[in-house]
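Notes follow once the structure below has been shown.
The values are calculated or read from the model by the stated rules, or taken from the named source; none is laboratory data. Computed from a predicted structure; not experimentally measured. Quick reminder, even Gly has a Cβ in these numbers, built from the backbone with ideal geometry, and neighbours come from all protein chains shown.
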Amino acid sequence: MRIGKLRQILTENNLDAFFVSDVTNERYLAGFTGSPGDAGLVISQDLALIVTDSRYWEQVQRECPDFELVKVTTKFDAVLPEILQRVGGKRIGFEADHITVAQYERWMKPFGQVEWVATNEWVRRLRAVKDAEEIALIRQAVALADEALAHGLQHIRPGMTERELAWIMEVYMRTHGAEGTSFDFIVAAGPNGAMAHYRAADVPLPMGQPIVIDMGAKLNGYCSDLTRTVCLGEPAEPQRFWEIYQAVLAAQQKAEAEIRAGMSGVEADAIARRVIVEAGYGEQFGHGLGHGVGLEVHEKPRVSYISEDTLAAGNLITVEPGIYITGWGGVRIEDIVLVTDDGVEVLTRSPKEPIIYGDW
Ligand code: ZN
Ligand code: ZN
């Protein structure tokens, strides 16, 4: 099915074969779960080859039943002539957005008789539209992030460090089936929250200030991505806190109510951005509204003011507006939604009531 779609693209572009070197694309097309740089795929209309060395021969037999194994015993370069002969074609595509200049010089330059065609994001574009199996797996990863966050918020207390909270949530995920986290968690207390991509540090969690928590699980290969902003006890500056929190929440709710397939990434972003601009915080919402999620935590389509993508039914995207004030902190709220023809289905279930009370 996935290979069939790729073969159709090869026909449309008049290519005889396609060389896949990106490990996530190898997983998507072949099921291969090895490390980057350890295998390559060669796909033509009648061949599906996986090229790798003895560390993976047994694994490939299990994981990649639709692919024929080509054994590498010395270097990849050594099997290339045999592969090119079997493919027999003249025009071969490669992933120009992934392969290094050094690899190009070593592998491709010596075969001047082949017309190497640089391609960009072909498999990534296929990956943007999820099939039913992928949607089911991402639902599980989303649910695990929801549970881990709820667990973290049960144990949160003032004075605990950002890293401790991050660790509590990570342990929960790993003891509940996750193979890892989607990325290094962000727990950003008070002014640290003004940095959208801050990471958890050895900083104690304060009372009365916004705390941005951005985390996600990697489960069965698929990622989730979840942000909530909380405050331990009543906010120290209630007027400012609620004005900013309500603006971010209203922007997110409007986007989730109006986004649908067929919209451009720019249009989807603008729905939320308009709300934040009208609230007077346009300059403080520096990043895009969201991104695709799947085998990687950042995938296509891009949902931002510089996106060139169009939303399609089957996209799984985040909706994550934020406002960041230097010296004060930040508020971001992030859900994962499934794009459909007539709207979105919000997969994330975590509550959005920010104030956490406790007998601390
Ligand atoms: Zn996130
Ligand atoms: Zn995100």
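Set side by side, the residues ALA236, ALA250 differ, and just one is assigned to a loop (DSSP other than H, G, I, E, B), in the same structural domain as GLY208 (by TED's automatic domain parsing), over 21 Å from the mean Cα position of the chain (by Cα) and without any contact (Cβ under 8 Å) to a residue 60 or more places away in the chain, which is ALA236. Inspect segment 102-109 for any residue being polar (S, T, N, Q) and either modelled with pLDDT of 95 or more or touching a Lys or Arg at 6+ places or on another chain (Cβ under 9 Å) (or both) and give the result as yes or no. For segment 102-109, residues polar (S, T, N, Q) and either modelled with pLDDT of 95 or more or touching a Lys or Arg at 6+ places or on another chain (Cβ under 9 Å) (or both): absent. Count of segment 176-231 residues, restricted to those that are without any contact (Cβ under 8 Å) to a residue 24 or more places away in the chain and not aromatic (Phe, Trp, Tyr), is 3. So in segment 310-336, with the set limited to residues that are buried (at least 22 other Cβ atoms within 10 Å of the Cβ) and more than 17 Å from GLY282 (Cα to Cα), which one is farthest from ligand 2 (Cβ to nearest atom)? Ranking the qualifying residues of segment 310-336, first place goes to LEU311. Considering each residue of segment 205-228, count those that are away from ligand 1 (no atom under 12 Å from the Cβ), closer than 11 Å to VAL187 by Cβ and in a strand (DSSP E or B), and give that number. Adding up the residues that qualify gives 1.
In summary, helices (runs of 4 or more DSSP H) completely within segment 1-112 and bearing 2 or more residues that are surrounded by 15 or more Cβ atoms within 10 Å (Cβ to Cβ) and more than 30 Å from the chain's Cα centre (by Cα) occur at 76-87. Among residues of segment 193-215 being over 20 Å from LEU249 (Cα atoms) and out of contact with any Pro (no Cβ under 9 Å at 6 or more places or on another chain), the one that is surrounded by the fewest Cβ atoms within 10 Å (Cβ to Cβ) is ASP202.
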